[in-house]
Every structure is written in C-alpha cells, then in structure tokens.
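Input: a single structure, listed below in structure tokens.
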Amino acid sequence: MTGVNASQRNYRVILPENALARWLEWLGGFYTLTGPVGGGVAARFTEISKFEQMDLDYQSTMLPPGKKYLFEPVEEVLSFDVSEGVFSSGPYPPGRKRALIGVHPCDVNAILYLDMVFLSGPYADPFYRARRENTFIIALNCKSVTGLCFCHLVGAGPYLKAVSGYDILLTEIGEEEGAERRGGKNRKFMVELVSEKARELCDVFPFSMGEQPEEKDFEKMSRMEAALLKSFRKNLDMEGVQSALLSRPDHHALKETADSRCLSCSNCVMVCPTCFCHDVMDKTDVSLSRSRRVRRWDACQDISFAQVHGGNFRAQRHARLRQFVYHKLDYEEQFGRKGTVGCGRCIRWCPTGIDLTEIARAMME
Amino acid sequence: MGARRPRAGFFKFTCCSGCGFELAYFQRCLEETLAAFDFAFFRLASSSGTPEGPFDLSLVEGAVTEPFQIIELKKIRQRSKVLYAIGSCAITGGIPAIKALAPEAQVEGAAYKERLYGLASTRPHVINDYVQVDGFIRGCPPGERDLFEALSSALMGKDPEFTEYSVCMECKMADNKCVLVEEGLPCMGPVTNAGCGALCPAHHRACYGCFGLMGQANIHALKGRFRELGHFSEEDIENRFFTLFGALGKTERK
C-alpha cells in the first residue's frame, strides 16, 4: 500500500463498525442491500434490512454474488403474444438498484471477467448491462484464507488490486480501543471510495465519524496482506500449466478422475463465478399464441451440451471434464487471462471433491 | 394452427394413475390443453372415448406386468404417430418394478391371501422393452416442464427438448443448501435426471432418484462418496440405488 498519493487518500477513511453500519443502512434507502448471511464457507448472499444480519467474517459462498445477481440463473429475454399483437423484449432494466456488500476480491475479479464476456465486443448484453449499472459493489478484502483458496496464484486476492469496476473497498484493520459494542468488539474498517459513484456519495458519507488513515495504518494493512499470503496452502505453477495442458489432452489423470469420481452433475460449473455459458430456449404456450424466450445457465458437463447436428463432440465424460479444467487454467486467448479467480468453489461443492489443481499438477509431472 | 385439433390418447398400464392425474391437474394450462387437443381417449378425464386410433399423440403411463398389456401396447403403437412414455413406471419400472426383487410367486403370495392361480402376472417391464418410444417424459409424477415441452412440441410439430441434466443444476440455480456436501445426506441428485425443480433438496431432503438415472450416470462414483460419508452400510447404499426407483437396474446387474 505504499505509493499512495495524497488525492487518493482523501477518499479513504477509517470507520468504526457502528458508523459503517449506520451509513450502510442509510444507503438502503437507495439500494436493495444484499450481503453475506450465515458465516463460514457456505454463507449466502441475501437481501438484508439490518447490518447485523450480515457476517462480514464469512469466508465463501456457494453461489458467487456477481453471478447470482448480475447474470441471473433464469431470466426472460423476450416475449410476444400473437393474439394481441404485443411484442416485448423482456423485463429490463431491473426495477430496484442493488448494493452488493462484502464482495471478496476473487468475486470482484470474476465480475470483471463477466464484464468482458457480456459487455465487450460489438454486442453488449442489455440485460447484464442494465443490472451492472444498477449495482453498487462494496468489496471486502479477505481476512482469512481457506484451504481451497488459490486466488494468490492468479492475482485475484486476497487483497483487491483492481482499481476500477467496483465502488467501495473495505478492509478490516483492527478493533477500536476501549469501545465495546453490544455483543462484541467494535471493529474498524478502512473504507476506500473507488468509483465516481461512490465519491459522489461523499456529501453524506460519515467522515466525521471516522479518522484519517495514517502511514501506520497502511503499513498495518501491508503486514496483514503479507501474513495472509503466507497462509495459502494451495500451490501450482501457473506459468507451466498452459503448455502441460495443451500438450497432453489425453492424459490419464483426466480419464481416471472422470471415470472414478466425476458425476457430470455440473455443480462445478454452477458455482463457478466466471462460468458464463447459457442456453436460450423458447417456451411457447399450448395456445400457440404466447411465447417466452428464456435464458438459463448451461453447463459443459451436461451430456447434451455438445450435442449438435451430426453428433456429440464431447460425448465422453473425460472430454467434458477436460473442457472445464482447460477453460479455467488454460484458454487465455479468449479474454487475455485465465478463467479461474482461485475461489476454490468448484472443489468445495464437487460431491466427490475433484480438484482441478490436482489434475493439472498430475498432468505437469 | 390448422382446423383439425390433434387427436390425443392417454393410456394407463400398471401404475397409480399419478401421471394421468398430473395431466388432468395441469393447472397452468389445463384449459388450453383441452382446447388444443382432441383427447379421444383419457379415462381419468372422461369415461367415454375410444382407444381406437389413429392418434397424433399418445402418452403411455405405467409398467407392463400382464400379458394382455403387451398386446394393447403394440396396438397403441401402431395407431400412434408419436408415442411418449410418461412417468417413472413406464420409463424405469418405477414402483411396480419393486416386485422384480423377489420371485413372482412369492410376491403374489404376499399380496393376496390365497394364491390366485388364474393370475397371469409377469415380471415388470418398461414400455420401450416392447415398442419403439419417441421420447420420455420423466418423473414420478412428471415435472410440468417436460410435460409442457411434450405437448407444445406436438402442436408445433417439432422434436421436444427434454431435460437431460442432473438435479444439482436445478438445485444450484435455486441457491438451495447442498444437502450432500453440507449435511452429508445420501442425495441422489448428482446422478438423477432433473425436471422436478429440485423439490426434495429444497426442503432439506435428500433426492431419492424418482426421476430415474440421467444419461451416463456415474453410479460407482456416487456410491464411493456415500461410503465416505461413513454412516451407511454397503446394503444401505445398494438399496439407495436399486430399490424404490431402480429395481430393474438391480435385476439387470445380476
């Protein structure tokens, strides 16, 4: 955190938790507050009304917040009614603005990845864009690392390095001395206003409740980050992985893992914060007058995913597993970066615990 | 749509009539369905009607457990342009197939106080053991999504796109708690064909596979996981896969 210039510092303040809570609840007048409820590795992003409902010590969630709220599991993109001559192109933009509170660095990076998928190129997705513009992202640097995290290998965490694409960055930097809050200590958060949108809210931001950060605070953050970096247990040679994967597509590690453990259940894809595949289908009424075109998350592990005219080009289980592993650890050509943000969800939520980093490691040996 | 409504028939073999009931109870579009099709034969909805064809669309529920059913089934096939098997009994054997786990005479003896020597009951069979089937509307009873897909596709003259993925997909899309990973329940979701909307896991119950196994279901991988859970005997695990909705699978494996 060295090298911070003075103008940037003006948008930083150290706030006690109770002041942050009051300010966020005030923000609830403009945004539907959505944050991590229930702690540990299986918290769930849910709409909340009180700050206390959230557990900002949470480590991970099953569904990633960005994917859940920006790229909805099922959504109508178009509908028409022939009998009435009504044609509508879906219910967008979404009605309410949403604030996602406490999004971890890996998940912010995943949102930046989804931005490339849905917003870059000549055809930006209007549904995604409408929700993205209506979403206020309050990121939260991690204070602990799980055994499955490997964000450090791809620069996606544990502290957020991206300088745009989100609004506010929070970092817990200790507890307020002498101030006991009901039910626990009153923690202090470094609050950084990153986006213009966030800075415009400064007028009503409770700066008076906090204090200006000093050099020692930034030094403390650097120490905390360094300590976190040492606590990662997963490791993989990310430089060497691409050539190893490309040169050994029929490696026995893929086939053996597929045969002995892969269920083709697609849990890995569903919980992946960067998996963006979707299917579009028409649902026509039995009256044949009304029709709805629906977009739904799709998954490369499904047997019918690669079914095309003439055959199925990934009819074998290991070919589908390979597609997932390669899309996360290889295929950088697609968006100029790897598809993984190292959140570890695909490992945690796989019913048989298949670990893509273990497959890659075996393929590199 | 042309002037003539497609002629449809609904036929029942050995089952609980739940699939027929599901169609009669098709809340979202029952009225439209009855208006769109000429249900020439649907005993649960009307006592009149004739099983004589021809039918544009036939739906057949139930397992085959008696010889006369085989003859009827073949006739239905001959009279039908499109024939879908509907429900687990017709597709996987379902509940009637449980009797495949014991000798026929033993089952009859348990079911009837006195042996009925006139009873011509046979081993249970799925309907595509006997006739070519154009598609499977899975479930016990079938989910609305696939039933709807079958009916609207028949009206549009296109091939239906039936659900072909795991229950886990539906469960994740609903952001349900994972009862297998989080609670260690022996959930069949990862190998079970979706279509139910992950009904049981949404209510904190393990899926018991009533929609039947999905294509390429990796049974031994999930068995391995159930073993790792540590509190199930080998028999428990075997029963999980091969009793309620997989009895025919067990007999095939012998």
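The values are calculated or read from the model by the stated rules, or taken from the named source; none is laboratory data. Just so it is clear, the structure is predicted and the values come from calculations on it, not from any experiment. Positions of Cβ are backbone-derived with ideal geometry, glycine not excepted, and every protein chain shown enters the neighbour counts.
Below is a table of values for the structure above.
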{"item": "Considering residues of segment A:249-268 that are exposed (fewer than 15 other Cβ atoms within 10 Å of the Cβ) and not acidic (Asp, Glu) only, the residue nearest to the other protein chains (Cβ to nearest Cβ)", "result": "A:260"}
{"item": "Enumeration of residues in segment A:302-313 that are farther than 12 Å from residue B:164 by Cβ and assigned to a strand (DSSP E or B)", "result": "A:308, A:311"}
{"item": "Any hit, segment B:132-144, residues being modelled with pLDDT of 90 or more, surrounded by fewer than 21 Cβ atoms within 10 Å (Cβ to Cβ) and either among the polar types (S, T, N, Q) or touching a Lys or Arg at 6+ places or on another chain (Cβ under 7 Å) (or both)", "result": "yes"}
{"item": "Subset of segment B:1-60 [among the basic types (Lys, Arg) and closer than 16 Å to residue B:84 by Cβ]", "result": "B:7, B:12"}
{"item": "Any hit, segment A:191-212, residues being aromatic (Phe, Trp, Tyr) and modelled with pLDDT of 80 or more", "result": "no"}
{"item": "Failed condition for residue A:272, given (1) touching a Pro at 6+ places or on another chain (Cβ under 8 Å); (2) free of Cβ contacts under 8 Å to residues at least 12 places away in the same chain", "result": "(2)"}
{"item": "Subset of segment A:275-301 [under 26 Å from residue A:317 (Cβ atoms) and either part of a loop (DSSP other than H, G, I, E, B) or among the hydroxyl-bearing types (Ser, Thr, Tyr) (or both)]", "result": "A:275, A:276, A:277, A:298, A:299, A:300, A:301"}
{"item": "Residues within segment B:212-240 that are over 23 Å from residue A:316 (Cα atoms) and either touching a strand residue (DSSP E or B) at 6+ places or on another chain (Cβ under 7 Å) or of a type outside the set (Lys, Arg) (or both), tallied", "result": "13"}
{"item": "Scope segment B:138-154; condition more than 10 Å from chain A (Cβ to nearest Cβ) and touching a strand residue (DSSP E or B) at 6+ places or on another chain (Cβ under 9 Å); matching residues", "result": "B:138, B:139, B:141, B:142, B:143, B:146, B:147, B:150"}
{"item": "Filter result (in a loop (DSSP other than H, G, I, E, B) and either more than 14 Å from chain A (Cβ to nearest Cβ) or charged (D, E, K, R) (or both)) within segment B:213-254", "result": "B:230, B:231, B:232, B:233, B:243, B:244, B:245, B:246, B:254"}
{"item": "Enumerated strands (runs of 3 or more DSSP E) restricted to segment A:21-103, each holding at least 3 residues that are within 14 Å of chain B (Cβ to nearest Cβ)", "result": "A:32-37, A:44-47, A:74-81"}
{"item": "Residue count, segment A:299-317 (criterion: of a type in the set (D, E, K, R) and within 9 Å of chain B (Cβ to nearest Cβ))", "result": "2"}
{"item": "Residue list for segment A:310-344, filter: among the small types (Gly, Ala, Ser) and more than 19 Å from residue A:235 (Cα to Cα)", "result": "A:310, A:311, A:315, A:319, A:336"}
{"item": "Residues (facing another protein chain (nearest Cβ under 10 Å) and crowded, with 18+ Cβ neighbours inside 10 Å) located in segment B:177-199", "result": "B:178, B:180, B:181, B:187, B:189, B:190, B:191, B:192, B:194"}
{"item": "Residue in segment B:80-102 that is surrounded by 22 or more Cβ atoms within 10 Å (Cβ to Cβ), assigned to a loop (DSSP other than H, G, I, E, B) and touching a His at 6+ places or on another chain (Cβ under 9 Å) present", "result": "yes"}
{"item": "Some residue of segment B:155-162 being of a type in the set (A, V, I, L, M), farther than 30 Å from residue A:40 by Cα, facing chain A (nearest Cβ under 9 Å) and in contact with a helix residue (DSSP H, G or I) (Cβ under 7 Å, 6 or more places away or on another chain)", "result": "yes"}
{"item": "Residues satisfying the stated conditions in segment B:175-218, i.e. in contact (Cβ under 8 Å) with a residue 60 or more places away in the chain and either small (Gly, Ala, Ser) or over 17 Å from residue B:137 (Cα atoms) (or both)", "result": "B:212"}
{"item": "Unmet requirement for residue B:202, which otherwise passes all of (1) facing chain A (nearest Cβ under 8 Å); (2) modelled with pLDDT of 95 or more", "result": "(1)"}
{"item": "Candidate set from segment A:269-298 (those that are facing chain B (nearest Cβ under 8 Å) and modelled with pLDDT of 90 or more); member that is farthest from residue A:117 (Cα to Cα)", "result": "A:281"}
